[in-house]
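To keep things clear, I will list the structure first and then write my remarks on it.
The values are calculated or read from the model by the stated rules, or taken from the named source; none is laboratory data. Everything numeric in this text was worked out from a predicted model, so none of it was measured. When we count neighbours, we look across all protein chains shown, and the Cβ atoms used for this are built from the backbone with ideal geometry, even at glycine. In case anyone asks, the SASA skips ligands and DNA or RNA and just uses the protein heavy atoms, side chains included. Shrake-Rupley method; radii C 1.70, N 1.55, O 1.52, S 1.80 Å.
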Amino acid sequence: MSFSYVRDHMVEPRPAPVNTAGPIAWARRNLFATPSDSLMTILAIVLLIWAIPPIYGFVAPNFLGGDAVPPGGIVEECRLETAGACWAYISARMSFFIYGFYPAEEYWRPNLVFALGALLIVPLLIPRVPFKRTNAILFFVVYPVICFYLLNGGVLGMRPVPTEQWGGLLVTLIISLVGIICSIPIGILLALGRQSKLPIIKTLCVMFIELWRAVPLITVLFMASVMLPLFMPQGTTVDKLLRALVGVTLFSSAYLAEVVRGGLQALPRGQYEAASSLGLSYWKSMWFIILPQALKHVIPGIVNSFIALFKDTSLVSIVGIFDLLNTVQAASSDIEWSSPTQAITGYLFAGMVFWVFCFAMSRYSIWMERRLDTGHKG
Amino acid sequence: MAVQDNLAAPPRTAFYNDPVIRGIIYQIVVAGLVVAFLAWIIFNTAQNLAAQNKSTGFGFLFETSGFGISFTLIPFDRSSYYWQAFVVGLLNTLLVAVIGIVFATMLGFVLGVARLSSNWLIARFATVYVEVIRNIPLLLQLFFWYFAVLKAMPAVRQSFELPLSIFVNQRGIIVPRPLPDAEIFWVVVAAAAALVGAIALVVWATRVRTRTGHYPVSVAQGSRFAGAIVAFLVGYLAISMLGSVVPAVSAVSFLPLIGALVLAGLSLTKYGFYGRVFIGTAIGWAVADFLLSGMFGWLPRGVIVLGAALIALGVAWTMLTSDRRPAATEGKFPLALPILIVVAIPALVYWLTGASLAFEIPVLERFNFAGGLQLVPEMVALVVGLTIYTAAFIAENVRSGIQAVSKGQTEAASSLGLREGDRLRLVVVPQAMRVIIPPLTSQYLNLTKNSSLGAAIGYPELVNVFMGTTLNQTGKAIEVIAITMLVYLTLSLTTSAFMNWYNARVALVER
Amino acid sequence: MSDMSSHSAEERTVNTSQMKVSDTEVAIDVVGMHKWYGDFHVLRDIDLKVMRGERIVIAGPSGSGKSTLIRCMNRLEEHQQGQIIVNGVELTADLKRIDEVRREVGMVFQHFNLFPHLTILQNLTLAPIWVRGIPQAEAEATAMHYLERVKIPEQANKFPGQLSGGQQQRVAIARSLCMQPKIMLFDEPTSALDPEMVKEVLEVMISLAEEGMTMLCVTHEMGFARQVANRVIFMDQGQIIEQNDPETFFSNPQHERTKLFLSQILH
Ligand SMILES: Nc1ncnc2c1ncn2[C@@H]1O[C@H](COP(=O)(O)OP(=O)(O)O)[C@@H](O)[C@H]1O
Ligand SMILES: [Mg+2]
């Protein structure tokens, strides 16, 4: 037949014509594919040309061609009409932003807390490192106790430092870490309760979860700071920081319960059936079979809750606790460093600190999610 | 041994090993503990209150408040009652929530679509926005907008003046205050009726198009004339705007009129498209010129006009080369008629009833502005902060909603010959919206809850007025906190009821 | 592929009398066509002339570019060199021409791609109403006609999710037919189906062929190729290696790669 055909030599692959590969083709495909694309690209470039130089000028220190006063500079420079961000102010007040009113000669104690925390949490987050269980117990149980005694003092000849003096990034980290550490077990119990077949337990858990999820954190904090003292037996005083911690924990355990419930629901029914067919009691099958699997799957969800909690800790400034945001806010009315850009520099700094933490954690959670999705069994 | 007995009766289990009984015991224990805990708390509270000589009850709501509120939607002064303070706070919360939801939705949808744009720069832009904004605490952003931006505005005497007599200073934004007279009521009624009518017209025309294959003749013809009128009005505007760039145009006073007549005539012929290209280019030129001279004021005038002209050329090129194929059977949707209805009917009523809408222009006096409407900086900062923050989350919902519609759906629609607009309208958007709406609703709820942060920058919303001032003055902690929480609980439960209903309604039917 | 024998066992006789191939009218003409994905040369020097009424089966190992080739024919993918002329219209970036081609070319996908939010009937009438401007009643009558042809008129008011895979694929075929296309493209229409459903879909395709539809099918159903195709094309590494009538193609393959491929799929 006429169409009968056999190829006699194979065509070797050729590089794509210039109009489909290389930077020009890339630009044509990604920036100028259609007329309206080109128009938007041009407008975006105009916007960038307009916005980038002043922003750069504002934040870049003068040795990089900007107008900002670099760390270590003097306040008079910041007061110049043309001055950009006053990084000198940040570097001068850095210890306030990190430790709050913690006595300077005792800084080694929070530093030790930071170092210990880093030492324990890094291996916990890397899936390959062994001894997860020991590590987790150290971090979730032993570490908080050590931290408390280190920071609070009063033992081993360490001078007592009341919580009113704690502040800055230290308090931000304490609140978010304690919040998450305490709310994980409560959240798990609530999630199990919500899954339970026992009507009273289920109703109680649902009510608890839905109540805290429905109201804004700020009302919870107000409640904790105003009502908690009323709830306690007469004569008890409740530490201000502790009140905030209680509020934060109640709030975040409700959210964690929902995260854990997602993990429990994602487990195939077969796991539950297999566990009970082995004759394990409810608690044993939860502890040995169900929870280990469910919790591994909700690690990204827990990290995301932690990010939300970390951002939300900034609200404790409203009930008068000196977290990072509140120290920045307080320092911005510091006369010694008063300059036109003082406040905005403080917010930029705080924003960058929060951003670095949250962005890093969100990348971690995405990475973990991919890992779990592709079915690594670690 | 006991095996034989099994056939006759189930083996007796110790009652504490029977799962049912065990469950009941568990529940009794838990319930008992909870009740005991509550009782303990109540007892403590009662003792504490007694020791402080405080009473409980909601009677305080009907006492006069004795404080003023800086921003209220209903009349309120020191002689008003506490329940009125509650209403003021609630209304202020709802006000920022509604405004924030509207703006955040618009910004969020634009950003979400932009994140998926095939234009690399635009997609990058949206990604950076989302990643920066959602990783910084909202409260910090509010502080930034309030203390670093709005409070850093010039003092009253050096207010920035924006177009349309809008002034910006430390005390907020001052805009002209509309002063409607009684007849305006009818204009508003007419506008609402026109909107409803226009929507009904669109629905009806679409139905007819589906049923018969073409739009109703009356609508199609009406639309042609509406198109001409719209072309006249917009053309007039375009040529007038062009005068700001090309001085020669404004030199001839009757040019806009003549030009607009020509454009209107043109729109009735088959060359109407070129008229629209002209209008688009002219407006694009004028707007670009305005923006560029605002952004790059230090450049020579000639450069700016030239830059604006380049952008206008881009607009023209875009319009000329974009999709303007005649449809297979029928013209485009006759959009001009509904637009004209919405604009012209209220205008006509305005003219017929002799209604007048004056504006009270703010005037700078010795110490402050007289007249005008003052938008307090607290509210502006709160709305701006909530909008920008929530938009980042909405953008993510929109992006994942669109991505949830598989590429195969678009390909199938394309291979059937459906065009871009129809593909989106009939296939992609309906499916994406099912995925987007549930998380969108919870973002709305989050925004409403987050509006409570307004308390931190002094915006008198519910938490500020009620949990703040009222609680401080009356000391009725339990009552005030309970009422406030109840409000949010109600909002939240209503929202989740809606979501359940919606999910049940749109759930795709599966085997 | 392994199901091939089971189908050929119960082959029904195919009525070839109407399956006339025009010798003058060209349906699709591909001339010296190349396509790249970035730097990857996916289709190389494709020359293919499809006459009106031809039934062509395209076979080849996975990744050889079969899907890409037929997706170029209704411009779901764009090519970078050479020409593709469909029903006398050359495919370029011009949207107007793309529309014109897509209206006359139906396509059936491996994963059906029915619109899950619309009922079966709405799936079928969507394009006729919005692309061709056919009155709804008429479009629905046509849709019912084609649903009867694919033997599932009773499913008209269900949603795609309620149907079996085989039923969904038959709906997808009917959906394309409702646009009354001149050419049908099939991209592995049966590979996502359970074995017992393959037959019902193939039967619909056979009856289409009997009516003289111009068809391009990417498929590994060799029984179907033997029965209906008038030409089999074998592709590898983005190029057409060999083409012939099915008889010769299966009994006497020429190229080494073809032999290897056939030996693998026929054991
Ligand atoms: N969108 C794409 N981008 C990059 N490469 C692709 C894309 N689609 C397909 N390919 C590659 O092109 C080759 C041919 O793909 P395809 O036409 O789907 O093969 P077949 O259908 O023959 O199995 C494969 O190597 C595949 O990996
Ligand atoms: Mg394929």
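Which of the following residues is of a type outside the set (Lys, Arg) and not in a helix (DSSP H, G or I): B:Tyr236, B:Tyr215?
B:Tyr215
Does the stretch A:14-38 hold any residues that are in a helix (DSSP H, G or I) and among the polar types (S, T, N, Q), and which are they?
Correct list: A:Asn30, A:Ser36, A:Ser38.
Which one of these does A:Ala60 not meet: (1) more than 9 Å from chain B (Cβ to nearest Cβ); (2) open to solvent by 30 Å² or more (accessible area, probe 1.4 Å); (3) of a type in the set (A, V, I, L, M)?
Failing condition for A:Ala60: (2).
Tell me which of these B:Trp285 doesn't satisfy, since it passes every other one: (1) of a type outside the set (S, T, N, Q); (2) crowded, with 18+ Cβ neighbours inside 10 Å; (3) closer than 23 Å to B:Trp317 by Cβ; (4) more than 14 Å from chain A (Cβ to nearest Cβ).
(4)
Which residue pairs have Cβ atoms under 7 Å apart, sit 6 or more places apart or on different chains, and have a first residue in the stretch A:119-147 that is in contact (Cβ under 8 Å) with a residue 12 or more places away in the chain and a second that is exposed (fewer than 12 other Cβ atoms within 10 Å of the Cβ)?
A:Pro123/A:Val129; A:Pro127/A:Gly378
C:Met107 is checked against (1) open to solvent by less than 20 Å² (accessible area, probe 1.4 Å); (2) within 16 Å of ligand 2 (Cβ to nearest atom); (3) more than 10 Å from every other protein chain (Cβ to nearest Cβ) and fails just one. What number does that condition carry?
Among (1) open to solvent by less than 20 Å² (accessible area, probe 1.4 Å); (2) within 16 Å of ligand 2 (Cβ to nearest atom); (3) more than 10 Å from every other protein chain (Cβ to nearest Cβ), C:Met107 violates only (3).
Looking only at the stretch B:35-87, which residues are open to solvent by 70 Å² or more (accessible area, probe 1.4 Å), under 23 Å from B:Val463 (Cα atoms) and assigned to a helix (DSSP H, G or I)?
B:Phe62, B:Trp83
Name the single residue, out of those in the stretch B:300-324 being assigned to a loop (DSSP other than H, G, I, E, B) and more than 11 Å from chain A (Cβ to nearest Cβ), that is modelled with the lowest pLDDT.
B:Arg324
Spot the failing condition for B:Ala148; the list is (1) modelled with pLDDT of 95 or more; (2) within 11 Å of chain A (Cβ to nearest Cβ), and only one is missed.
For B:Ala148, the failing item is (1).
Quick check on the stretch C:181-191: of everything there that is within 14 Å of chain B (Cβ to nearest Cβ) and not hydrophobic (A, V, I, L, M, F, W, C), which residue is farthest from ligand 2 (Cβ to nearest atom)?
So, considering only residues that are within 14 Å of chain B (Cβ to nearest Cβ) and not hydrophobic (A, V, I, L, M, F, W, C), the one farthest from ligand 2 (Cβ to nearest atom) is C:Lys182.
Could you list, in sequence order, the residues of the stretch A:14-50 that are within 9 Å of chain B (Cβ to nearest Cβ) and either polar (S, T, N, Q) or within 32 Å of the chain's Cα centre (by Cα) (or both)?
The answer is A:Asn30, A:Thr34, A:Ser36, A:Ser38, A:Thr41, A:Ala44, A:Leu47, A:Leu48.
When the stretch C:121-166 is examined, which residues are found to be closer than 19 Å to C:Val108 by Cα, within 11 Å of chain B (Cβ to nearest Cβ) and crowded, with 22+ Cβ neighbours inside 10 Å?
Across the stretch C:121-166, the qualifying residues are C:Asn123, C:Leu124, C:Thr125, C:Leu126, C:Ala127, C:Pro128, C:Pro160.
Could you tell me whether the stretch A:355-367 includes any residue that is closer than 22 Å to B:Lys449 by Cβ and either of a type in the set (D, E, K, R) or outside any loop (DSSP other than H, G, I, E, B) (or both)? Full working, then the answer.
First pass over the stretch A:355-367, keeping only residues closer than 22 Å to B:Lys449 by Cβ: A:358, A:362.
Cutting the leftovers down to either of a type in the set (D, E, K, R) or outside any loop (DSSP other than H, G, I, E, B) (or both) gives us A:358, A:362.
Yes - at least one qualifying residue is present in the stretch A:355-367.
For the stretch A:208-267, name all the residues that are under 30 Å from A:His297 (Cα atoms), within 8 Å of another protein chain (Cβ to nearest Cβ) and of a type outside the set (A, V, I, L, M, F, W, C).
Listed by number, the residues that qualify are A:Glu210, A:Arg213, A:Pro216.
Could you say whether any residue in the stretch B:221-232 is open to solvent by less than 40 Å² (accessible area, probe 1.4 Å) and farther than 19 Å from B:Ala336 by Cβ?
no
Would you be able to say whether some residue in the stretch B:403-420 is surrounded by fewer than 21 Cβ atoms within 10 Å (Cβ to Cβ), polar (S, T, N, Q), within 14 Å of chain C (Cβ to nearest Cβ) and not in a helix (DSSP H, G or I)?
For the stretch B:403-420, residues surrounded by fewer than 21 Cβ atoms within 10 Å (Cβ to Cβ), polar (S, T, N, Q), within 14 Å of chain C (Cβ to nearest Cβ) and not in a helix (DSSP H, G or I): present.
Does the stretch C:180-206 hold any residues that are away from ligand 1 (no atom under 16 Å from the Cβ), more than 27 Å from C:Gly133 (Cα to Cα) and either free of Cβ contacts under 8 Å to residues at least 24 places away in the same chain or open to solvent by 30 Å² or more (accessible area, probe 1.4 Å) (or both), and which are they?
C:Asp194, C:Pro195, C:Glu196, C:Met197, C:Lys199, C:Glu200, C:Glu203
Looking only at the stretch C:24-41, count how many residues are of a type in the set (Gly, Ala, Ser) and either near ligand 1 (Cβ under 9 Å from one of its atoms) or outside any strand (DSSP E or B) (or both).
1
On the basis of being without any contact (Cβ under 8 Å) to a residue 24 or more places away in the chain, more than 10 Å from chain B (Cβ to nearest Cβ) and away from ligand 2 (no atom under 16 Å from the Cβ), does C:Leu91 make the cut?
Answer is yes for this residue.
Any residue that is more than 16 Å from ligand 1 (Cβ to nearest atom) and either without any contact (Cβ under 8 Å) to a residue 24 or more places away in the chain or over 30 Å from A:Asn19 (Cβ atoms) (or both) - is there at least one of those in the stretch C:101-109?
Just the residues of the stretch C:101-109 that are more than 16 Å from ligand 1 (Cβ to nearest atom), to begin with: C:101-106.
Subsequent filtering for residues that are either without any contact (Cβ under 8 Å) to a residue 24 or more places away in the chain or over 30 Å from A:Asn19 (Cβ atoms) (or both) retains C:106.
Scanning the stretch C:101-109, I find at least one residue that is more than 16 Å from ligand 1 (Cβ to nearest atom) and either without any contact (Cβ under 8 Å) to a residue 24 or more places away in the chain or over 30 Å from A:Asn19 (Cβ atoms) (or both), so the answer is yes.
Can you work out which of the residues in the stretch C:192-224 that are away from chain A (no Cβ under 14 Å) and within 16 Å of ligand 2 (Cβ to nearest atom) is nearest to C:Val26 (Cα to Cα)?
C:Cys217
Tally up the residues in the stretch B:88-136 that are of a type outside the set (A, V, I, L, M, F, W, C) and open to solvent by 60 Å² or more (accessible area, probe 1.4 Å), please.
2
Give the residue, chosen from C:Arg44, C:Arg75, that is in contact (Cβ under 8 Å) with a residue 12 or more places away in the chain, part of a loop (DSSP other than H, G, I, E, B) and away from ligand 2 (no atom under 16 Å from the Cβ). So that I can check it myself, show each step before the final result.
Working: C:Arg44 fails: part of a loop (DSSP other than H, G, I, E, B).
Within the list C:Arg44, C:Arg75, the selection yields C:Arg75.
Mind listing just one residue for me: the one in the stretch C:58-88 that is of a type in the set (A, V, I, L, M, F, W, C), open to solvent by less than 10 Å² (accessible area, probe 1.4 Å) and more than 13 Å from ligand 1 (Cβ to nearest atom) and, of those, farthest from the other protein chains (Cβ to nearest Cβ)?
Out of the qualifying residues, it is C:Ile84.
Out of B:Gly458, B:Gly421, B:Gly417, B:Gly408, which single residue is of a type outside the set (A, V, I, L, M) and closer than 25 Å to A:Lys311 by Cβ?
B:Gly458
Scan the stretch B:364-384 and tell me whether some residue there is at pLDDT 90 or above and within 14 Å of another protein chain (Cβ to nearest Cβ).
The answer is yes; a qualifying residue exists.
Can you find, within the stretch C:89-104, the residue that is farthest from C:Met144 (Cα to Cα) among those that are open to solvent by 20 Å² or more (accessible area, probe 1.4 Å) and in contact with a strand residue (DSSP E or B) (Cβ under 8 Å, 6 or more places away or on another chain)?
Within the stretch C:89-104, the match that is farthest from C:Met144 (Cα to Cα) is C:Glu90.
Mind listing whichever residues of the stretch C:180-202 are at pLDDT 95 or above and among the aliphatic types (A, V, I, L, M)?
C:Ile183, C:Met184, C:Leu185
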